[in-house]
Amino acid sequence: MKYKVDCSEEVRLALEQGRPVVALESTIISHGMPYPKNVETALSVEQTIRDNGAVPATIAIIGGHLKAGLTRDELEYFGKKGTDITKTSRRDIPVVVARKDDGATTVAATMIIAHMAGIDVFATGGIGGVHRGAETTMDISADLEELSRTPVMVICAGAKAILDLPLTMEVLETKGVPVVGYRTDELPAFYSRESGITLNTRSDSPEDLAAIWKAIKDLEMGNGMLVTNPIPKQYSMDSAKIGKVIEDAIAEMNSRGIKGKDVTPFLLDKVQKLTGGNSLEANIKLVLNNAELAAKTACALATKA
Ligand code: PSU
Ligand code: MN
């Protein structure tokens, strides 16, 4: 391939030596949280991954170069520039690369670049999915398609109730993506631990997650896998309260005619504003929780290989 991922020295060495590496996305920094909490969170997520024995590799596009492993200054740049950075999903990658632009990578784009770099495990907050009203708008995140075609394990806290969760699960099933509840039988709904949706598969240890992942690779199935790790109990929010806030946010979005790639960032921002600091704190805690599980799983995988 003509294009190679430009890995930081630390990431390159770890990959070369078969040591555990965890990929992280950059849209969560630029579009998912406000400055400066976004940068503080990105740094503590990286620290959590190190504390648990793995090397963090934040993925982004800078000046048209695919990057794995950002410097502190680069993280600060993405955090400060926020939504002025191009939100980059699969379809946007060639445009950003050709124009030597900067791109904050979504779950889909991060999976692509992580896979190119040889990274198997990726931690984030929430994935994109089927939006409410998709039966008329057809608004379904490219994250779902990517999970079906790129072999990376994505560890998240489920999906925000800004999405239609039952439809999101149906699409993942159709596309053949294993969705595994970590120490739960229920799909977690990001801010809260429960959604009322029962999952097909449960896993209780990083070693078991690593074993399922190894089977996907050994079978050469080619797809990804989604691990849904519930927010820790002490930070879990009241789902009825969040539900009302989300309904108000969607109503405002519709009345303002917001569409396409702006939908998710608009709703994330609105929900954060309507719930005060609470949801932001919950968001940060669940990302750290996912980073820890991802690092432990990457370690289990490195031992297995
Ligand atoms: N959901 C969140 N936080 C986020 C996102 C989703 O709770 O930051 C971001 C992720 O980068 C995800 C993207 O991949 O939004 C999905 O956007 P879209 O629905 O436009 O595909
Ligand atoms: Mn969309």
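Give the average over all directions of the projected area of the C-alpha convex hull of segment 184-261, one decimal, in nm².
Averaged projected area of segment 184-261's Cα convex hull equals 7.6 nm².
Would you mind getting the accessible area per residue of the chain, heavy atoms of the protein chains only, 1.4 Å probe, in Å²?
Per residue, the chain has 44 Å² of solvent-accessible surface.
Let me check the size of segment 223-305 from its C-alpha atoms; what are the radius of gyration and Dmax in Å?
Here Rg and the maximum Cα pair distance are 16.6, 53 Å.
What is the distance, in nm, between label points placed 7 Å from the Cα along the Cα-to-Cβ direction at Tyr35 and at Lys80?
0.6
Quick one: work out Rg over Rh on the C-alpha atoms of segment 8-67, Rh as Kirkwood radius.
1.00
Quick one: Cα centre-to-centre distance for segment 279-294 and segment 152-189, in angstrom?
If you average the Cα positions of each part, the centres end up 17 Å apart.
Quick one: plug the Kirkwood hydrodynamic radius of segment 88-168 (C-alpha pairs) into Stokes-Einstein at 4 °C, 1.567 mPa s, and report D in µm²/s.
So the translational diffusion coefficient is about 97 µm²/s.
Specify the residue with the greatest mean-square fluctuation among Ala109, Ala210, Ala251, computed from a Gaussian network of the chain linking alpha-carbon atoms under 10 Å apart.
Ala251
Taking the alpha-carbon set of segment 224-266, what are its Rg and Dmax in Å?
Cα-based Rg and Dmax for segment 224-266 come out at 14.3, 37 Å.
Would you calculate a helix-derived [θ] at 222 nm for the chain, using -39,500 (n - 2.57) for each DSSP H run of n ≥ 4 and dividing by the full residue count, to the nearest 500?
About -14500 deg cm²/dmol.
What are the trypsin sites (Lys or Arg not before Pro) within segment 225-281 that DSSP puts in a loop, where the Cβ has at most 16 other Cβ atoms within 10 Å?
The qualifying sites are Lys259.
Calculate the length of the line joining the C-alpha centroid of segment 226-266 to that of segment 7-69, in whole Å.
With segment 226-266 and segment 7-69 each reduced to a Cα centre, they are spaced 25 Å.
How big is segment 1-157 along each principal axis, measuring the range of its Cα positions in Å and listing the largest first?
Dimensions of segment 1-157 along the principal axes of its Cα atoms: 48, 34, 34 Å.
With springs connecting C-alpha atoms under 10 Å apart, model the chain as a Gaussian network and identify which of Thr105, Thr137, Thr83 has the largest mean-square fluctuation.
Thr137
How about segment 143-187: which trypsin sites (Lys or Arg not before Pro) there are in a DSSP loop, with at most 16 other Cβ atoms within 10 Å of their Cβ?
Lys175, Arg183
So which GluC sites (Glu not before Pro) in segment 185-239 pass both tests, a DSSP loop state and at most 11 other Cβ atoms within 10 Å of the Cβ?
Of the GluC sites (Glu not before Pro), the ones in loops of segment 185-239 whose Cβ has at most 11 other Cβ atoms within 10 Å are Glu220.
Over the alpha-carbon set of segment 146-205, work out the extent along each principal axis and list the three values in angstrom, largest first.
Per principal axis, max minus min of the Cα coordinates gives 29, 29, 17 Å.
In nm, what is the difference between 0.36 nm times the number of residues separating Glu252 and Glu170 and their Cα-Cα distance?
26.8 nm
Mind checking which aspartates and glutamates have their Cα closer than 13 Å to the Cα of Lys80? Skip sequence neighbours fewer than 8 apart in that chain.
Glu40
Relative to the Cα centre, what is the charge dipole magnitude of the chain, using +1 at the beta carbon of each Lys and Arg, -1 at the beta carbon of each Asp and Glu, and rounding to the nearest 20 debye?
The dipole of the chain has a size of about 360 debye.
What translational D, rounded to a whole number of µm²/s, comes out for the chain from Stokes-Einstein when the hydrodynamic radius is the Kirkwood one over Cα pairs, at 10 °C and 1.306 mPa s?
Translational diffusion coefficient: 84 µm²/s.
Roll a 1.4 Å probe over the protein heavy atoms and report the accessible area of Tyr182 in Å², nearest 10.
My reading of the accessible area for Tyr182 is about 20 Å².
Straight-line reach from Lys81: which lysines have a Cα under 16 Å away, not including same-chain ones fewer than 8 places off?
Lys37
On a straight-distance basis, which lysines could pair with Lys67 in a cross-link, Cα separation under 16 angstrom, same-chain partners fewer than 8 positions away excluded?
Cα-Cα hits under 16 Å: Lys2, Lys4, Lys87, Lys100.
Would you please report the Å³ per residue occupied by the convex hull of the alpha carbon atoms in segment 141-295?
Given the Cα convex hull of segment 141-295, per-residue volume reads 106 Å³.
The values are calculated or read from the model by the stated rules, or taken from the named source; none is laboratory data. Predicted, not measured: the structure shown is a model, and the values here were computed from it. Counting neighbours? That spans all protein chains shown, and the Cβs are built from the backbone with ideal geometry, glycine included. Areas reflect the complete protein model, heavy atoms only, side chains present, ligands, DNA and RNA absent. Shrake-Rupley method; radii C 1.70, N 1.55, O 1.52, S 1.80 Å.
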